[in-house]
1. Quick one: Val37, Val187, fewest Cβ neighbours within 10 Å first, how do they rank?
2. Quick check on my link table: of Lys123/Lys203; Lys159/Lys203; Lys137/Lys175; Lys92/Lys117; Lys92/Lys123; Lys131/Lys198, which ones sit more than 27 Å apart, alpha carbon to alpha carbon?
3. For an R0 of 45 angstrom, estimate the FRET efficiency from the Cβ-Cβ distance between Gln66 and Met169 and round to the nearest 0.05.
4. Summing Lys, Arg as +1 and Asp, Glu as -1, what charge do residues with Cβ under 15 Å from the Cβ of Tyr143 carry, Tyr143 excluded?
5. Under 5 Å between amide H atoms, partner at least 5 residues away or on a different chain: which partners does Asp105 have, H built in plane at 1.01 Å?
6. Put +1 on the Cβ of each Lys and Arg and -1 on the Cβ of each Asp and Glu in region 127-204; which of Asn191, Thr144, Ala178 then has its Cα farthest toward the positive end of the dipole?
Amino acid sequence: MSIIQGTTTTSSATTANATTAAMKNTVSKDDFLKILVTQLKYQNPLDPQKADEFMTQLAQLSQVEQLTNINASLEKVAKGNTTSQWVSAIGKKVNVSSNTLSKGDQVLLSPQADYDKIVLGVKDLTTGTTKKVTFNKGDSLTYTNDSDNNVQIGISATKGDKQVTCNAMVLKVVKGIAMSDAGTVLVFGDNETVDTSKVTVIKE
């Protein structure tokens, strides 16, 4: 078993972000064209703009358009690199903030104080039936959903008659990747998705 930190940045992404930031601090090609048209519309007919000045402004407009096109191309490359980077995650488990599990998904339990037992309630979302899985002190605190159905979990840990806080890390098997408006997302067996930027753990 190996755990690696998930990464989502590439040199292309960094370049694209830098270019985008630079473009935001300048006028767009549409803004530049509007300024140019307005300038021509309201110029003094007795002292019109010289041809060489007009050509200089057209050249500047062309440069703005080229920068815009370069920025768009870099963003496409960055998105492509990010997507291909996550292809290798298919079939592996990643941490997800969720309380539902599909087949093969796991829960790693982590009591925050001394405890006697932890009870994991597992509700089958297809049949509606619920079972309880008990972990006594010293047991392995890992639960894997072996059912073909999706399940929902609830956790209760106790020490004597007192409740003990128990955290859980849910690891879900990546079934595929997809593109959204926000970027690359991972798809799981229950069709739940998560943005790759939220993934910090990948487990074989």
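All of the numbers you see were taken from the coordinates with simple rules; none came from a lab. The model shown is predicted, which means the values in this text are computed figures rather than measured ones. Counting neighbours? That spans all protein chains shown, and the Cβs are built from the backbone with ideal geometry, glycine included.
1. Numbers: Val37 10, Val187 16.
Sorted ascending by nearby Cβ count, the order is Val37, Val187.
2. Beyond 27 Å between Cα atoms: Lys159/Lys203; Lys137/Lys175; Lys92/Lys117; Lys131/Lys198.
3. 0.40
4. That sum, taken over residues with Cβ under 15 Å, equals +4.
5. The answer is Asn145, Val173.
6. Thr144
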